[in-house]
1. Those residues that are under 19 Å from the mean Cα position of the chain (by Cα) and within 15 Å of GLY290 (Cα to Cα), I need them from the stretch 181-197; list them, please.
2. Which residues, taken from the stretch 205-228, are modelled with pLDDT of 85 or more, surrounded by fewer than 24 Cβ atoms within 10 Å (Cβ to Cβ) and of a type in the set (Gly, Ala, Ser)?
3. Search the stretch 88-115 for residues that are among the acidic types (Asp, Glu) and pair each with any residue that is modelled with pLDDT under 95 and exposed (fewer than 12 other Cβ atoms within 10 Å of the Cβ) when their beta-carbon atoms are under 9 Å apart and the residues are at least 6 apart or on different chains.
4. Here is a list: VAL151, VAL120, VAL175, VAL125. Which entry is over 22 Å from the mean Cα position of the chain (by Cα) and closer than 22 Å to LEU204 by Cβ?
5. May I ask you to list pairs of residues, at least six apart or on different chains, whose Cβ atoms are under 8 Å apart, with the first in the stretch 120-148 being touching a residue at least 12 places away in the same chain (Cβ under 8 Å) and closer than 17 Å to LEU217 by Cα and the second being in a helix (DSSP H, G or I) and aromatic (Phe, Trp, Tyr)?
6. With the condition being small (Gly, Ala, Ser), I'd like the helices (runs of 4 or more DSSP H) fully within the stretch 53-104 carrying at least 2 qualifying residues.
7. Condition first: outside the structural domain of LYS16 (by TED's automatic domain parsing), surrounded by 15 or more Cβ atoms within 10 Å (Cβ to Cβ), over 18 Å from ILE192 (Cβ atoms) and touching an Asp or Glu at 6+ places or on another chain (Cβ under 6 Å). Can you find one or more residues in the stretch 229-251 that meet it?
8. Going through the stretch 119-145 one residue at a time, which ones are assigned to a helix (DSSP H, G or I), of a type outside the set (D, E, K, R) and closer than 18 Å to GLY166 by Cα?
Amino acid sequence: MTFRDVRSSVFETHAKGDYQASLDAIDAYRGESDDEQFDLSFWRVCLLSRLGRTDDACAEFSRRMDQGSWWGEGMLQDPDLENLRSHPEWQRLVNASMKRARGAVNVPRSPIDKSPQGDVRATLVAFHGGAERPDMMVDRCASALERGWRVVALHGTAPAAAERFGWPLINCEQVVTQHLEEVGDLVAPIMIGFSQGGGLAGHLAWSGHIASAGVILVAPAMGIRGVPIPNPKLAPVKTYLLVGSDDWALDDSRHAAEALDQSGAPVRLDVRPGMGHDWPFDFDEILQRGMEWILNG
């Protein structure tokens with residue numbers, strides 16, 4: 001069993017309300033890296049909270065804190081944690097975690113720039129999700145390098161948790177522009193993003209703020225910017241929307257597809273049955289298909 005297997009199992013059973021099955025999947029997989037342990041621990045706390053095992057949830061959070069970790073406000077507002085809000089130990093841990101969050105330094109971060117061997121056919125400009133890092137997008141898009149596509153993974157600047165980052169709610173355009181200036185000229189840029197990064201990539205492309213041949217958005221979270229409204233001034237950017245049928249972001253993706261279609265933008269909405277807020281197993285094939293559609297029609 002791989003981490004992707006566990007993640008998909010957890011998200012699928014969570015969407016069905018079978019929290020014990022989600023927890024069992026986590027407990028059966030110990031994790032092979034710090035990144036995996038980070039996610040597994042947070043999911044475990046959420047599930048223990050859902051199951052009413054609040055003392056166990058606090059103990060797990062305390063263990064992570066003892067290891068030097070912390071979770072920021074965005075993660076701590078997760079609705080799965082509702083049963084913990086009034087627990088005295090949870091309140092103490094939250095205060096300690098937020099103290100670490102306030103001490104986190106928000107400094108400029110450099111993007112990761114990977115080029116293929118030989119000529120560059122196109123460039124994927126990647127936006128990671130909230131509480132992630134750009135190297136995660138590089139891993140997801142690794143197959144693009146084999147096909148002659150350059151991968152430029154931008155770096156969020158808002159600390160979201162220990163060594164995890166999100167995108168700022170304001171001045172995000174400035175952050176992205178600075179990153180793109182740092183990496184230089186891009187051949188046929190196509191923007192790709194997951195969750196929070198997907199929503200941001202879409203808005204930057206649709207508004208025309210960042211020139212793009214198209215966008216591939218996986219489980220995009222539109223956030224405070226909301227879904228686009230039908231507007232002939234929207235840039236007619238080819239948009240591939242990939243979302244699960246059990247994803248809380250599904251309605252926004254449907255509304256975005258309708259608005260973009262009415263504005264004259266070519267749109268493909270790919271709804272995956274049974275998938276939650278996650279990546280599909282066949283993403284490499286989807287990426288190739290989406291890139292070829294954007295570049296060649």
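The values are calculated or read from the model by the stated rules, or taken from the named source; none is laboratory data. Keep in mind that what you see is a predicted model, and the values were worked out from it rather than measured. Heads up, the Cβs are rebuilt from the backbone with ideal geometry, glycines too, and the neighbour counts pull from every protein chain shown.
1. Across the stretch 181-197, the qualifying residues are ILE190, MET191, ILE192, GLY193, PHE194.
2. Listed by number, the residues that qualify are SER207, GLY208, ALA211, ALA213, GLY214, ALA221.
3. Once the first residue is among the acidic types (Asp, Glu) and sits in the stretch 88-115, its partners that are modelled with pLDDT under 95 and exposed (fewer than 12 other Cβ atoms within 10 Å of the Cβ) give ASP113/GLY184.
4. Matching residue, one of VAL151, VAL120, VAL175, VAL125: VAL120.
5. Correct list of pairs: ARG140/PHE283.
6. Ranges flagged: 54-66, 88-103.
7. no
8. PRO134, MET136, MET137, VAL138 - these are the residues of the stretch 119-145 that are assigned to a helix (DSSP H, G or I), of a type outside the set (D, E, K, R) and closer than 18 Å to GLY166 by Cα.
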